[in-house]
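Please read the structure below before turning to the comments.
The values are calculated or read from the model by the stated rules, or taken from the named source; none is laboratory data. Quantities reported herein were computed from a predicted structural model and do not represent experimental measurements. The protein model used for the area step is the full one, side chains on, heavy atoms only, and it has no ligands, DNA or RNA in it. Shrake-Rupley method; radii C 1.70, N 1.55, O 1.52, S 1.80 Å.
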Amino acid sequence: MAPFPWCDNTTSHSIDAICSSNLTWLEEYENGSMEEWALERVVSTVVPVFFGFIGLAGLLGNALVVLVVASNPGMRSTTNLLIINLAVADLLFVIFCVPFTATDYIMTQWPFGDIWCKVVQYLIVVTAHASIYTLVLMSLDRYLAVVHPVASMGVRTEKNALIAIALTWLAIVTTASPVAICHGEQKYWHHGQYQ
């Protein structure tokens, strides 16, 4: 049988497993029972269905947030700019990560090639970090607005919010680059054949 590649999503494994094989897990899985095979079939059916619901809800909800806030100039504030940024990060995740991760659960091989595997894994990390650090910026914005309402008025401007968002994205995009290097297609032994 010809070997089939799969997209190595080591982000779901421990930090120690990055850029290396988890041979113990593969050996245990190779010697698995019929129960494991049945569980694999259930997971390959149920997980993509949930991903589909999450993808549709995320696409619709985040697109509406971006449209409503961006189309109303009166809603432009530091908080709403951060909300748009959070919605954009979530939209990127829903568009570029959810469908391909769901496909990875359905198929026994990664059909999109090594480059796209690297891109998808990179975008998963970038969009997750963008969401997290946007929430950090929102917390900082709320702290300044509540604890220092008058003194922070000069700091909490749209221009400063846009600068903070741009710097955050720049830091995330550059610091996540090792993910694209470490990830990629890998062949593994599964049910008596390389896949």
With a 1.4 Å probe and all protein chains kept in place, how do 179, 49, 146 rank by accessible area, largest first?
146, 49, 179
Rolling a 1.4 Å sphere over the protein heavy atoms, what is the accessible area per residue of region 87-195, to the nearest Å²?
55 Å²
When averaged across all projection directions, what area in nm² does the alpha-carbon convex hull of region 58-195 cover?
10.3 nm²
Show the residues, 5+ positions off or on another chain, whose built amide H is closer than 5 Å to the amide H of residue 185.
8
